[in-house]
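Throughout, read-outs are computed from the coordinates displayed, never taken from laboratory work. Being a predicted model, the structure only gives us computed values, none of them experimental. Please note: Cβ atoms are built from the backbone with ideal geometry, for glycine as well, and neighbour counts cover all protein chains shown.
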Amino acid sequence: MLKRTQYWVLSAVGAGCVLLVLVNMVRYTGNQGLQARVNARAQYIQQTAQLQGLYQQIVHAVADLSVRNKDVQLRQVLARQGIHVVVHPQAGAAPGSTLAEPAPAQRHRAGGKRNE
């Protein structure tokens, strides 16, 4: 038979093991939730990378449309998104457009305001 101190030591060790098992179960479920979020973000990034070419084509088409129709409002919409349309008139042909990256003075600051 066990002595009284041995019984309490073994009971405390057993209770500690049960507590560790419960903590492990909680951490495991939390980890599964985090893994699901990470996987969803990775999938979003992968899909975004696949669609980047399409997005660029759409922006070029909208910019060309704004030049062809001389649509100032459409150019302003593009400018608000940081896309600036530069018109290069060609001799004997319809005016073409190219997209320019925002100039350093027009990039957004961290505070969300534009540098003037």
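To keep it simple, each residue is scored yes or no on (1) assigned to a helix (DSSP H, G or I); (2) touching a residue at least 60 places away in the same chain (Cβ under 8 Å); (3) closer than 30 Å to Leu78 by Cβ; (4) over 20 Å from the mean Cα position of the chain (by Cα).
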| residue | (1), (2), (3), (4) |
| --- | --- |
| Ala15 | yes, no, no, yes |
| Val21 | yes, no, no, yes |
| Asn31 | yes, no, no, yes |
| Asn39 | yes, no, no, no |
| Tyr44 | yes, no, yes, no |
| Ala49 | yes, no, yes, no |
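Inspect all residues belonging to the stretch 78-96 and state whether any of them is in a helix (DSSP H, G or I) and touching a Ser or Thr at 6+ places or on another chain (Cβ under 9 Å). Don't jump to the end; show me each part of the working.
In the first step, residues of the stretch 78-96 are kept if they are in a helix (DSSP H, G or I); the result is 78-80.
From what is left, the residues that are touching a Ser or Thr at 6+ places or on another chain (Cβ under 9 Å) are 78.
The answer is yes, given that some residue of the stretch 78-96 is in a helix (DSSP H, G or I) and touching a Ser or Thr at 6+ places or on another chain (Cβ under 9 Å).
List the number of the failed condition for Ala36; all other conditions in (1) within 30 Å of His88 (Cα to Cα); (2) out of contact with any Ser or Thr (no Cβ under 7 Å at 6 or more places or on another chain) hold. Ala36 satisfies all of (1) within 30 Å of His88 (Cα to Cα); (2) out of contact with any Ser or Thr (no Cβ under 7 Å at 6 or more places or on another chain) except (1).
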